[in-house]
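Novice: The structure is given below, and queries will be raised subsequently.
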Amino acid sequence: FVVNQKNDLLSGKRVLISAGGTRERIDPVRFIGNRSSGKMGIALAVAAASAGAEVTLVVGQISVELPVHPQIKIIKIESTNELLNTVMTEFTQTDILIMAAAVADFEPEMIADQKIKKAADNDEFVLKLKKTPDILKSVGAIKKHQLIIGFAAETQELNKNAQAKLVSKHADMIIANNVVTDGIGFESNDNQVTIFESQQDPKPLTKMSKMQLANQLVELIAKKLGD
Ligand code: CTP
Ligand code: CA
């Protein structure tokens, strides 16, 4: 990471950030995962800590190094349910929650105790999945003074889908991007997002590095806290 400029935009604030992808176990050797690198959430943790916040970074599967910073406490999780439990526990001592993790929408209905064998007489295998809990929705329902910020990865109808998530998740801000546009999202170092807030026009930001974007988001969040 580039050394980030220090400021006091979030001094004294407690920020809870989730980053990376969840893994849902199928059996002792297999899981359902996703392509999240964790870069955006980690950049946000660094930006928030550089702005004076006490950061708790809850990380799932990532493909980059974890940040080392005196103001960043790290908690590792694997599944969506572990992430939910951690977020719920930490939430009461939080001022700002940013859900940058790529959370699985479905998990196996049952986790097999033993490695699942391929049956000789069957060319198909059906894995039954059930919905995971929606973490943002769960905290949205119990939030008091906290600011809640979510991400939205879309491949179509960005505006409509992001606006709907703002409402359904009781979020104060949704940071949305189109994941099929070339060179952004997932493993990329760059990101191009649009900011959605209630009663405000969508704010499209230019394409920039995830670290630059994290710093801009910290500025926007600090401004929102002051409102
Ligand atoms: N999220 C969450 N709990 C889930 C799924 C998603 O808290 N079980 C959070 C993500 O971390 C993100 C936001 O909700 O901040 C939006 O995630 P996204 O996958 O875009 O939306 P979903 O509500 O899961 O809807 P869909 O995938 O069908 O678009
Ligand atoms: Ca989803």
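Novice: Just name one of Phe196, Asn178, Leu158: the one whose Cα is farthest towards the positive end of the charge dipole of the chain (beta-carbon charges, Lys/Arg +1, Asp/Glu -1).
Specialist: Selected residue: Phe196.
Novice: Report, as a whole number in µm² per second, the diffusion coefficient that Stokes-Einstein gives for the range 97-180 at 4 °C and 1.567 mPa s using the Kirkwood radius over alpha carbon pairs.
Specialist: 84
Novice: Right, something else. Kindly express, to the nearest 10 degrees and within the range 0 to 90, the angle between helix 210-226's C-alpha long axis and the longest C-alpha principal axis of the chain.
Specialist: Long axis of 210-226 versus the principal axis of the chain: about 60 degrees.
Novice: What net charge is computed for the residues neighbouring Asp27, neighbours being all others with C-beta under 15 Å from the C-beta of Asp27, Lys and Arg scored +1, Asp and Glu -1?
Specialist: Summing Lys and Arg as +1 and Asp and Glu as -1 gives +2.
Novice: Sticking with this structure for a sec: If you take every residue apart from Lys115 with its C-beta less than 15 Å away from the C-beta of Lys115, what net charge results, scoring Lys and Arg +1 and Asp and Glu -1? Intermediate results must be reported in sequence, preceding the final value.
Specialist: On the way: positive: Arg25, Arg30, Lys117, Lys118; negative: Asp27, Asp113.
Taking every Cβ under 15 Å from that of Lys115, the sum is +2.
Novice: Once R0 is set to 22 Å, what does the formula 1/(1 + (r/R0)^6) return for the Cβ-Cβ distance between Ser209 and Asp8, expressed as a FRET efficiency to the nearest 0.05?
Specialist: 0.45
Novice: In debye, nearest 20: dipole of the chain around its Cα centre with unit charges on the Cβ of K, R (+) and D, E (-)?
Specialist: 320
Novice: Next up: Given a cut-off of under 8 Å on Cα pairs at least six residues apart, what relative contact order in percent is computed for the range 1-135?
Specialist: Numbers: 279 pairs, mean separation 43.1, N = 135.
The normalised contact order for the range 1-135 reaches 32 percent.
Novice: Quick one: of the DSSP bridges fully inside the chain, what percent are antiparallel, nearest 5?
Specialist: Working: 14 of 40 bridges.
Counting DSSP beta bridges with both partners in the chain, the antiparallel share is about 35 percent.
Novice: How would you order 124-134, 33-43 from highest to lowest mean count of nearby Cβ atoms within 10 Å?
Specialist: Working: 124-134: 10.9, 33-43: 22.8.
Descending mean neighbour count gives 33-43, 124-134.
Novice: Using the Kirkwood formula over every pair of different C-alpha atoms, what hydrodynamic radius in Å results for the range 118-227?
Specialist: Over the range 118-227, the inverse of the mean reciprocal pair distance is 16.0 Å.
Novice: Here's something else I'd like to know. Can you tell me which of 101-111, 193-203, 210-220 comes out highest on packing, and rank the rest after it, using the mean Cβ neighbours within 10 Å?
Specialist: Sorting 101-111, 193-203, 210-220 by mean packing, highest first, produces 210-220, 101-111, 193-203.
Novice: Turning to a different aspect of this structure: Of Thr56, Phe125, Ser138, which is farthest towards the positive pole of the chain's charge dipole, taken about the Cα centre with +1 and -1 on the beta-carbons of Lys, Arg and Asp, Glu respectively?
Specialist: Thr56
Novice: Right, next: Which links in Lys76/Lys207; Lys76/Lys143; Lys137/Lys203; Lys144/Lys203; Lys143/Lys224 stretch past 19 Å when you go from one Cα to the other?
Specialist: Lys76/Lys207; Lys76/Lys143; Lys137/Lys203; Lys144/Lys203
Novice: Relative to the compact-globule scaling 2.2 N^0.38 Å, provide the ratio for the alpha-carbon radius of gyration of the chain.
Specialist: Normalised by 2.2 N^0.38 Å, the Cα Rg of the chain equals 1.05.
Novice: Counting only DSSP beta bridges with both residues in the range 36-147, tell me the antiparallel percent, nearest 5.
Specialist: Given both bridge residues lie in the range 36-147, the antiparallel proportion sits at roughly 35 percent.
Novice: Tally Lys and Arg at +1 and Asp and Glu at -1 over the other residues with C-beta under 11 Å from the C-beta of Gly38: what net charge comes out?
Specialist: Details: positive: Arg35, Lys39, Lys210; negative: Glu65, Glu187.
That works out to +1.
Novice: Taking a spot 7 Å from the Cα of Ala120 along the direction of its beta carbon, which residues of the range 19-33 have an amide N less than 17 Å from it?
Specialist: none
Novice: Now for a different question. For the chain, what is the calculated [θ] at 222 nm in deg cm²/dmol (nearest 500), taking -39500 (n - 2.57) for each run of four or more DSSP H residues and dividing by its residue count?
Specialist: Roughly -8000 deg cm²/dmol at 222 nm, from the helical runs in the chain.
Throughout, read-outs are computed from the coordinates displayed, never taken from laboratory work. Keep in mind that this is a model prediction, so the values were computed, not measured. Note that we place each Cβ from the backbone using ideal geometry, even for glycine, and neighbour counts take in every protein chain shown.
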